[in-house]
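**Student:** Attaching a single structure in structure tokens format; questions to follow.
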Amino acid sequence: IVFQGEGCRTVPLSGHVGFDSLPDQLVNKSVNHGFCFNILCVGETGLGKSTLMDTLFNTKFEGDPASHSQPGVQLKSSTYDLQESNVNLKLTIVSTVGFGDQINKEDSYKPIVEFIDAQFEAYLQEELKIKRVLHNYHDTRIHACLYFIAPTGHSLKSLDLVTMKKLDSKVNIIPIIAKSDAISKSELTKFKIKITSELVSNGVQIYQFPTDDESVAEINGTMNAHLPFAVIGSTEELKIGNKMMKALENEAHCDFVKLREMLIRVNMEDLREQTHTRHYELYRRCKLEEMGFKDTDPDSKPFSLQETYEAKRNEFLGELQKKEEAMRQMFVQRVKEKEAELKEAEKELHEKFDRLKKLHQDEKKKLEDKKKSLDDEVNAFKQRKTAAELLQSQAQQAGGSQTLKRDKERKK
């Protein structure tokens, strides 16, 4: 046993050491920890997505049939614990409820993209923590997207092309022709060729089964030529010879067996690896670059996290200081404006007070003049009354003396 590498010497072993058990250790550790696999099913309502999931994993997953009256596209996620032999699998199935049911389908892909990005973001946030628990973290990143295509027999719908184009850099897309028994075999063959041609001409990158591993290169190379897989939605069982098998397990009728073989038995780990090394790494790189982190500094020197952090911190503090200064200036300006408004209001108040005061004084003077006039009239009236009473009294006295005089004359 030798180990070759740059700067390493080849040293022969004179006896058994034991590090050849490392693969077994890795297998035991992985089996004890368990695995997770997350599938996203994208397609219009009624294409048999739930039925296919049930058949893929030989079980009956819970769930109610979706209606065609959804106001928008909603993503429904369900997680199940499966066990086969001594291997535990945490399976998450995400379905797109209401996809393709709206009149305006322009933004139907957005909730799907946002959901995939949200899973990447959750993983990134856990990865950036000081105390990470990635070994126990429930990884919800989508490992495979089964894209269900309606069996029109003509060409891909614009909705399918737009959606797959938006998703191909974020998830491993495996196209599937649903309910393929709706068209004849010859039409199905032409339909497959047409779909492949449209995907290539529109630059849509679908998942290619890996051929770099010699143990699976031949079967994967053969299966890549069968994409997109044509399946039928059925749980019925048929008797072929002395064996009972599901109708869609008959390879003469559909590609269900090929799909299950490629998706689960041969390439499940590669789908998980591609999700992490390709799609998540792309999201992570773009996100970190948005935050100002790069592998090299402006002088093409090696990246220093501490220096970048200090630079971003100083930049942030500088921007914070500028904002504080701007807020202070704005506050001072508003205070000045408010003081000017208050002074103007005070001036107006004083002017109004002076006007009211002068008006009050004028009214008071008028009242005093009127009172004086009334007092003069009362005094004059009193004088006239006194004079009249005096004259009346004198007249009465004069009248009394004349009466006495006449009485005296009569007596004589």
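**Student:** Could you list all residues from segment 163-208 that are without any contact (Cβ under 8 Å) to a residue 60 or more places away in the chain and either in a loop (DSSP other than H, G, I, E, B) or outside the structural domain of F256 (by the TED database) (or both)? It would help to see each step written out before you state the result.
**Tutor:** To start, the set of residues in segment 163-208 that are without any contact (Cβ under 8 Å) to a residue 60 or more places away in the chain comprises 164-166, 168, 173, 175, 177, 182-206, 208.
Listed by number, the residues that qualify are D168, I183, S184, N202, G203, V204, Q205, I206, Q208.
**Student:** Which one of the conditions (1) modelled with pLDDT of 90 or more; (2) closer than 21 Å to K185 by Cα; (3) among the basic types (K, R) does R272 fail to meet, given that it meets all the rest?
**Tutor:** Of (1) modelled with pLDDT of 90 or more; (2) closer than 21 Å to K185 by Cα; (3) among the basic types (K, R), only one is false for R272: (2).
**Student:** Are any residues in segment 37-49 touching a Ser or Thr at 6+ places or on another chain (Cβ under 7 Å) and open to solvent by 20 Å² or more (accessible area, probe 1.4 Å), and if so, which ones?
**Tutor:** Hit for segment 37-49 is K49, nothing else.
**Student:** Quick test of your reading of the structure: E198 fulfils all but one of (1) modelled with pLDDT of 95 or more; (2) touching a His at 6+ places or on another chain (Cβ under 8 Å). Name the failing condition by number.
**Tutor:** Unmet for E198, out of (1) modelled with pLDDT of 95 or more; (2) touching a His at 6+ places or on another chain (Cβ under 8 Å): (2).
**Student:** Would you please name the residue that is nearest to S180 (Cα to Cα), looking only at residues in segment 17-60 that are without any contact (Cβ under 8 Å) to a residue 40 or more places away in the chain and of a type in the set (G, A, S)?
**Tutor:** Checked segment 17-60; the qualifying residue nearest to S180 (Cα to Cα) is G46.
**Student:** Here's something else I'd like to know. Answer with yes or no whether Q70 is modelled with pLDDT of 90 or more, surrounded by fewer than 19 Cβ atoms within 10 Å (Cβ to Cβ) and over 26 Å from H135 (Cβ atoms).
**Tutor:** no
**Student:** Check A150 against each of (1) among the hydrophobic types (A, V, I, L, M, F, W, C); (2) open to solvent by less than 50 Å² (accessible area, probe 1.4 Å); (3) farther than 15 Å from T96 by Cβ; (4) in contact with an Asp or Glu (Cβ under 7 Å, 6 or more places away or on another chain) and name the one condition it does not meet.
**Tutor:** Failing condition for A150: (3).
The values are calculated or read from the model by the stated rules, or taken from the named source; none is laboratory data. Here the structure is a predicted model, which means the values were calculated and not measured. Note that we place each Cβ from the backbone using ideal geometry, even for glycine, and neighbour counts take in every protein chain shown. Just the protein is used for accessible areas: all its heavy atoms, side chains included, with ligands, DNA and RNA removed. Shrake-Rupley method; radii C 1.70, N 1.55, O 1.52, S 1.80 Å.
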